[in-house]
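Heads up: the structure comes next, in structure tokens.
Readers should treat all values here as calculations from the given coordinates under stated rules, not as data from a laboratory. As the structure is a prediction and not an experimental result, all values here were calculated from the model. Please note: Cβ atoms are built from the backbone with ideal geometry, for glycine as well, and neighbour counts cover all protein chains shown.
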Amino acid sequence: MRISTKGRYSLAALLYMATLPKGVFVTTKEIAAAAGTTDGYIEQLFIQLRKMGLIEGVRGRNGGYALAKPSSQISVGYVLRECEGSLKPVVCAGSGSCPKEKDCLSRYTWSALYRVINGCLNNITVNDLAADYNAYENPEYTI
């Protein structure tokens, strides 16, 4: 399984917006600079993220984009599956369409891996990513 720039930058954009105060709208230019990509690429990604209902846009002087729902309600698994397609480690994992499925020695391994990947990613939210990011950026030292 490989996560493309589409999935990575979509999550990075959502993470960036999740670290901002509620109601703050940011431009794609700002998000692109923070994510390390181009404004045009972020705009392309936002077409799908808007269709998914994850972001909202406002035109005008103070316009831009913000999360359309709380970051605690956006799972990493959902974002990656919508942006990337299947997260199966191999095409035939759990599909029931492989002619060698009955005799496949590794099908249980691939199916188990697929379940673990989905379970893990479904249990991580964009809010969790933001909390980890904020803890990393603002470490508290206790002696």
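Taking every lysine pair in region 5-137 that is 8 or more places apart or spans two chains, those with Cα atoms closer than 29 Å amount to 14.
Separation between the residue 34 and residue 120 pseudo-spin-labels, each 7 Å from Cα along Cα→Cβ, expressed in nm? Using points 7 Å along Cα→Cβ, the separation is 2.6 nm. Here, the chain yields an orientationally averaged convex hull projection of 11.5 nm² when only Cα atoms define the hull.
By the beta carbon rule, with partners counted only under 4.7 Å, the chain holds these lone Cys residues: 83, 104, 120. Placing dummy labels 7 Å off each Cα toward the beta-carbon, the span from residue 82 to residue 47 is 1.6 nm.
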